[in-house]
Structure formats: C-alpha cells, structure tokens
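The values are calculated or read from the model by the stated rules, or taken from the named source; none is laboratory data. In this text the structure is predicted, and so the values were computed from the model without any measurement. Virtual Cβ from ideal backbone geometry, glycine too; neighbours counted across all protein chains shown. Please note that ligands, DNA and RNA were not included when accessible areas were found on the heavy atoms of the full protein model with its side chains. Shrake-Rupley method; radii C 1.70, N 1.55, O 1.52, S 1.80 Å.
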Amino acid sequence: GASSTATPAPAPATGSTTGDAANKPTYNFKLAHITPPTHMWHLAAEKFKEELDQRSGGRMKLEIYPSSQLGTEADMVQQIASGSVDFGFITAAYLSSRAPSYAAWLAPYAFKDLDEANKARKEEVSKKILGTLEEQGLVGLDYFFAGQRVMLFKDKEVLKPEDMAGLKLRVTPSPPLTDFYTSAGAATEGLPLPEVYSAVQTGVIDGMDMDLDAAITNKYYEVVKYGAVTNHMVWPAVAMASKANFDKMPDEDKQIIRDAIDAAANFSATTRAGQEEEFKKTLSDNGMKMYEIDPALFAPYAKQFDEKYGPKDPLIQEFIDTFRK
Ligand code: 3HB
C-alpha cells in the first residue's frame, strides 16, 4: 500500500534565504502527516499555516503533505530528523516505539474528555515527554488531539470485554495498545491507519481501535456495523520540528513557531471537543449502531497498564500520578 512505499523526500526545505527588506529571514517550510485532508490534524495544519503567515508578516510559508504522501510515520520522522522536512504531526502511538515515555499518553482512561487533555498538554510532565525527542534530532513542540478513542466492530455487537474473545482487532502498531487489548482477551493486528480500510473490508480484522474523526474521514461506516463509544484514550499527535532546522533560527522566529503551534493545538482540541455528539450522529446516520460501554468494565486493564508501564519509565509514572484521579 501507499504507506509502505516511501516517496523520496522533497528537496531540502529550509529555507533561510538571504532576507527581506527588514533583513529578516524568509522560510518555505514543509509539514507532513498521515491523515486525510478532511481530518482535524490536516485542518490544524492549515491553521498553523495561517498563523505562521500572519505572525511572521508573510515571512513563513508552509506546504502541507497529508495522507502519508511522504511515506510511513517512520519515513516522515527520518525526513524531519535529517531536515528535508521541517515539521510533522506524528502519532504518540508510533512514537511510543522509539521514545518510550510516549506510552504515557496511551494510559487507558487517563482523561475524562478532550478539555482535560487540552489542559494536560500544558503540564510539566507533558513538556518533559516532548523533551525526550531532542536526542533523535527532533524538537517536540506540542500535542494535537484527534478525539477520544472508540472501538469499531465489523459484525459483532461487543458489550463487554469478554465479548472480544476470539476477535482480531486492529491497533495502531504500539506495545501499550497491543497489551491493552490482549489483556482484555482479544487478538490484535498492528496496522497503520492507511491500511485499515481494506483489512476490515476483506475480513483480515474483525474490528479496530479508532476515533470518531478518523472513522468518518476514512469512511469506516461503509465496512463496520457497530461502534462502542468507550472514550478510553485521547489520541495525540506530537507536533515536532527538525532540530537541525529549528536550532538555526533566530529566537524571534522560534517563538513565532511556538505561538503558531499553540494556537493550532488549542483550535484542534476545542473544535474536536465540540464535535463528539455530531460525529456519533454522522456515524449512526450512515448506518452504524452506536452505543456506550461502561468504563468500569475496563478498569482492570487500565490498572494492568499502570502496573506494567509505570515502573518502566519515570515520566510514565509521573504522568499517571499527575492525571489519574
Ligand atoms: C490511528 O488510528 O492509527 C490514527 C487515527 C487518527 C490519526 C492518525 C492515526 O485519528
């Protein structure tokens, strides 16, 4: 599929050209992400683009590459580290396999809703987790939420964890997600987003871990019947910059980027928080049966996460201690 073939990265992006009349540098940045152009992360990328343009007085331009056009998340991260791409919105799930403290964001049921998660991105521990990317040539800037996670099932109405026995459920490739579902009795298959539609359509998987935005933007309602609104995770992308490119910029320009990212992150979290009801309705209007599962039924598996992942990494433990109520 498209996601497994890396398209060659575009020519080096950084573009500190010689400077305008005011003698300040101009930039032609590139940003890559995995989601389709109707998904919130793409809308947030467009918001970031506008903010950059306005805040820099037109010195900062941004070209956005959605839908895995530049390859898998692994490919994109490599392009960002090398500086051929300036920015990426990369799933915390993918990052958990290369920077272990990102597993913290996959702690089941850590947040009640997106408003809580939007506040959590400002906490010290969340910033410390962003800081762990430096050694990989990446500057972790902020978090963008795609909405709360749900479980979609092709043709079985799963009402409790026990009903998942014998089902093969797709997870975004990531150890903590695999652990959560296998501890609850399901079999898992790790598949990146662009490979999910055909896997469920052809019956390779019986269901998936997903969010409402991606369920709509990828039209999974065409191929699954049941949607359990569990709200078990908040699904962050990490907005990151190429350290090689970022470190070269004047402080004023770094600050413009940080402020533009913050505005875009806030826009995406607050917009998405207001859409959950509408998105559930969109899915039922498209023929899915939407229902809820009591979080208490999954409490034992959330506890297993804390017991396994807390001791693995002090930042994960700090995250659990900060946000679990
Ligand atoms: C995913 O389920 O892997 C995924 C979902 C998103 C955005 C990116 C990846 O909403």
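Quick notes on this one:
- With respect to being modelled with pLDDT under 95 and either within 16 Å of the chain's Cα centre (by Cα) or open to solvent by 40 Å² or more (accessible area, probe 1.4 Å) (or both), A146 fits the description.
Each row is one residue, and each column tells you yes or no for (1) small (G, A, S); (2) in contact with a Leu (Cβ under 8 Å, 6 or more places away or on another chain); (3) not assigned by TED's automatic domain parsing to the domain that holds I216.
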site	(1), (2), (3)
L31	no, yes, yes
P37	no, no, yes
L43	no, no, yes
S56	yes, no, yes
S67	yes, no, yes
A74	yes, no, yes
Q78	no, no, yes
A81	yes, yes, yes
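- Check on L297, modelled with pLDDT of 95 or more and either open to solvent by less than 60 Å² (accessible area, probe 1.4 Å) or of a type outside the set (A, V, I, L, M) (or both): no
- Inter-residue pairs, beta-carbon under 8 Å, first more than 29 Å from S97 (Cα to Cα) and among the β-branched types (V, I, T) and in the range 235-258, second more than 16 Å from the ligand (Cβ to nearest atom) and at pLDDT 95 or above, 6+ apart: I256/L52; I256/R55; I256/S56; I256/M60
- Restricting attention to the range 220-245, the residues being open to solvent by less than 10 Å² (accessible area, probe 1.4 Å) and closer than 15 Å to L130 by Cβ number 7.
- In the range 159-174 there is at least one residue that is open to solvent by 30 Å² or more (accessible area, probe 1.4 Å), out of contact with any Lys or Arg (no Cβ under 8 Å at 6 or more places or on another chain) and within 20 Å of I316 (Cβ to Cβ).
- Test for G310: is it at pLDDT 95 or above and at positive phi: no
- Criterion (within 23 Å of the chain's Cα centre (by Cα), among the polar types (S, T, N, Q), open to solvent by 60 Å² or more (accessible area, probe 1.4 Å) and more than 18 Å from D209 (Cα to Cα)) met by exactly one of Q317, Q275: Q317
- Where helices (runs of 4 or more DSSP H) sit wholly within the range 32-121, those with at least 1 residues that are crowded, with 19+ Cβ neighbours inside 10 Å and modelled with pLDDT under 95 occupy 114-120.
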